[in-house]
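**Student:** Let me begin by handing over the structure; questions about it come next.
Any read-out appearing in this document is the output of simple, stated calculations on the displayed coordinates, not a laboratory observation. Computed from a predicted structure; not experimentally measured. Cβ sites come from the backbone with ideal geometry, for glycine too, and all protein chains shown count toward neighbours.
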Amino acid sequence: MTPTNPNAAPQGIVVWKSGDLKGHAAALAPKVNAQKLATQSLADFGPTHNATMVYRAGDGEAEYHENAGDFTVVVAGACSLVLGGRVKDARATGPGEIRGASIEGGQTYEIEPGDIINIPAKTPHQVIVPPGGWIMYMVVKINTV
């Protein structure tokens, strides 16, 4: 979202209103791919961090980011979030990026709108969406290198 008066805000400041974020559900739901996922880039702040809106209508793969943390704000829907443990059937998908089928030995948290989650780099995590459910969240990817 651009400020009403661009000259009033210092460069790099962005305000996302909750109503605007909730509005992404209608746009993203029809774009869900075979992995039951749709995303929309919200902002790229260069090498330090970026913001993305994520809509999931099914479970995500287990993820591990060597050099980036995820700071997440849940906008709508619900899921179980598994944090920690070990990524099963791990495979590299890029430099410092690992994906896998599931997580062994993690802790499960029940997540709902308004929840805010900080997932540090090197922390396995996986979103589990209930049958017939969905979740939408904004994630700020924070690069650590």
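**Student:** Karplus couplings for region 124-129 from phi (6.51 cos²θ - 1.76 cosθ + 1.60, θ = phi - 60°), rounded to Hz, Gly and Pro as x?
**Tutor:** x, 8, 8, 8, 10, 9
**Student:** If you don't mind, there's one more thing I want to ask. Under 5 Å between amide H atoms, partner at least 5 residues away or on a different chain: which partners does His49 have, H built in plane at 1.01 Å?
**Tutor:** Counting only residues 5 or more places away or on other chains, the set is Asn143.
**Student:** Right, next: Calculate, axis by axis, the spread of Cα positions in region 6-143 along the three principal axes, and write the results as whole Å, longest axis first.
**Tutor:** Principal-axis extents of the Cα atoms in region 6-143, largest first: 50, 34, 25 Å.
**Student:** Full-extension gain between Val145 and Thr48, please, as 0.36 nm times their residue separation minus the C-alpha to C-alpha distance.
**Tutor:** 34.1 nm
**Student:** Need the C-alpha centroid separation for region 107-126 versus region 31-68, integer Å.
**Tutor:** When both Cα centres are located, 14 Å separates them.
**Student:** A further question follows. Report the convex hull volume per residue for region 65-110, counting only C-alpha atoms, in Å³.
**Tutor:** Residue-normalised Cα hull volume stands at 94 Å³.
**Student:** Sort 67-79, 35-47 by the packing proxy (mean of other Cβ within 10 Å over each peptide's residues), most packed first.
**Tutor:** Per-residue Cβ counts within 10 Å, averaged per peptide and sorted highest first, yield 67-79, 35-47.
**Student:** Can I ask one more? From the phi angles alone, apply the Karplus equation (6.51, -1.76, 1.60; θ = phi - 60°) to region 42-54 and give each ³J(HN,Hα) in whole Hz, x where the residue is Gly or Pro.
**Tutor:** Running phi through 6.51 cos²θ - 1.76 cosθ + 1.60 with θ = phi - 60° gives 9, 6, 10, 9, x, x, 8, 6, 8, 10, 9, 8, 10 Hz.
**Student:** Calculated FRET efficiency, Thr123 and Gln11, Cβ-Cβ r, R0 30 Å, to nearest 0.05?
**Tutor:** Between Thr123 and Gln11 the formula returns 0.40.
**Student:** Given an 8 Å cut-off on Cα distances and at least 6 residues of separation, report the relative contact order of the chain as a percent.
**Tutor:** 30
**Student:** May I pose another question? By a straight-distance test (C-alpha under 17 Å), which lysines pair with Lys141 as possible cross-link partners, with residues fewer than eight away in the same chain excluded?
**Tutor:** The reachable lysines, counting only those whose Cα sits under 17 Å from Lys141, are Lys122.
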